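The values are calculated or read from the model by the stated rules, or taken from the named source; none is laboratory data. Computed from a predicted structure; not experimentally measured. Positions of Cβ are generated from backbone atoms using ideal geometry, with glycine treated the same way; all protein chains shown enter the neighbour counts. In case anyone asks, the SASA skips ligands and DNA or RNA and just uses the protein heavy atoms, side chains included. Shrake-Rupley method; radii C 1.70, N 1.55, O 1.52, S 1.80 Å.
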Amino acid sequence: LKIARLWNRQEFVMRRLPIAALLIAAVAVLPQTARAHTVEDCSQATLKDDDLAIIRVCSAALEKSGLSKEDRSIALSNRGLGHLRNKEFDKSIIDFSDALLINPKNPYSFNFRGDAWLQKKNYDRALADFEEALRVDSGFTAAYYNRGQAFENQGNAEAARAEQRLQRHHAAAA
């Protein structure tokens, strides 16, 4: 009877061993694949060419509780950039708008939102956002370039050339 119990126990352990090994392997890999992403991870993701990774990493960072307003604004703006680069213009506009509600002094959010409007061919809204970016930071050269693009798309070649000159002037001064 004792031998039968021992055999049953060994058989039980042997049957459960593969499951236990899988669980241990899953726990060992978990920190690398399912770790909570930070705002720094979100910012670093924007330096790579994987737009969906930007959206995924920044969304994960935004799910964290206790983010400061500044970090939330940065993560929203970075996720908006992922949407913009992925040609999801409406989603990018929402993220940039939310970022600007938190920090209305971020020229990047104004400029990128303006770029989304530019892509949607809404030149008036694009120009308004580029103006705001320049009001916040008059040396923000990307806004001069994008404003020139909007003027060019509107058929205003003279204004587009003027923006190119302003961009070169501010770039040289930087």
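For Asp50, no residue 5 or more places off, or on another chain, has a built amide H under 5 Å of its own.
Sequence-ordered 3J(HN,Hα) estimates for the range 82-97 from the Karplus curve with 6.51, -1.76 and 1.60 and θ = phi - 60° stand at x, 5, 4, 5, 8, 6, 9, 5, 5, 5, 5, 4, 4, 5, 5, 5 Hz, glycine and proline given as x.
For the range 107-118, putting each phi into the Karplus relation 6.51 cos²θ - 1.76 cosθ + 1.60 with θ = phi - 60° gives couplings of x, 4, 5, 4, 5, 5, 5, x, 5, 5, 5, 4 Hz, in residue order, rounded to whole numbers and with x for Gly and Pro.
What distance in nm lies between label points placed 7 Å from Cα along the C-beta direction at Asp124 and Lys87? For Asp124 paired with Lys87, the spin-label model returns 2.7 nm. The phi torsions of the range 38-48, fed into the Karplus equation with coefficients 6.51, -1.76 and 1.60 and a -60° offset, translate into couplings of 9, 5, 5, 4, 4, 5, 5, 5, 5, 7, 9 Hz, rounded to whole numbers, with Gly and Pro shown as x.
Out of the total accessible area of the range 74-122 (probe 1.4 Å, heavy atoms of protein only), what percent is carbon and sulfur? Before the final figure, lay out each step's value.
Numbers: 1190 of 2230 Å².
Carbon and sulfur together cover 53 percent of it.
Within a straight-line Cα-Cα reach of under 18 Å, Lys105 can be paired with the following aspartates and glutamates, leaving aside sequence neighbours fewer than 8 residues apart in one chain: Glu70, Asp71, Asp95, Asp115, Asp129, Glu131, Glu132, Asp137. Partners of Lys48 within straight-line reach, counting lysines whose Cα lies under 19 Å from its Cα and excluding those fewer than 8 residues away in the same chain: Lys87. Remark: the range 76-133 is approximated by an ellipsoid whose semi-axes, taken from the C-alpha gyration tensor as √(5λ), come to 15, 14, 7 Å, largest first.
From the square roots a ≥ b ≥ c of the eigenvalues of the alpha-carbon gyration tensor of the range 59-163, which class results: rounded (a/c under 1.5), prolate (a/b over b/c), or oblate? Intermediate values should be presented prior to the final figure.
Values: a/c = 3.10, a/b = 1.84, b/c = 1.68.
Judged from the Cα gyration tensor, the range 59-163 comes out prolate (a/c at least 1.5, a/b above b/c).
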